[in-house]
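Written below as structure tokens is the structure these notes are about.
The values are calculated or read from the model by the stated rules, or taken from the named source; none is laboratory data. A quick note: this is a predicted structure, and the numbers were derived from the prediction, not measured. Backbone-built Cβ (ideal geometry, glycine too); neighbour counts: all protein chains shown.
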Amino acid sequence: MNIEQRVIEIIADQAMVDPSDVTLDSTLETLGIDSVAFVECIFSIEEAFDIQIPFNANDPSESEFDISSVKSILESITRLVDEQA
């Protein structure tokens with residue numbers, strides 16, 4: 001399973017939707033993911049990819065980790081995975 005598929009699966013699980021309902025343009029808000037579910041997503045993503053997401057990821061002015069859309073989340077995770085390699 002590639003990064004995109006796994007991240008979409010994790011986000012879909014937290015949003016309680018089918019993974020096919022999660023598009024790259026989806027936002028956490030449109031998927032109904034609140035701050036608690038977002039934290040669960042972060043923990044699951046960190047565990048799945050053995051990475052550390054910045055603690056201030058939900059504050060775009062303080063972090064390079066962009067959570068504005070599923071696409072931006074994927075790009076941020078891919079960058080962290082590549083840096084870890």
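Taking region 19-32 as the range and being crowded, with 18+ Cβ neighbours inside 10 Å and either basic (Lys, Arg) or at pLDDT 95 or above (or both) as the test, the residues that pass are Val22, Ser26, Leu31. Taken over region 67-79, the criterion of being surrounded by 14 or more Cβ atoms within 10 Å (Cβ to Cβ) and either farther than 22 Å from Ala15 by Cβ or among the small types (Gly, Ala, Ser) (or both) is satisfied by Ser69, Ser72, Ser76, Arg79. The selection criterion, being within 12 Å of the chain's Cα centre (by Cα) and in a loop (DSSP other than H, G, I, E, B), does not hold for Ile42.
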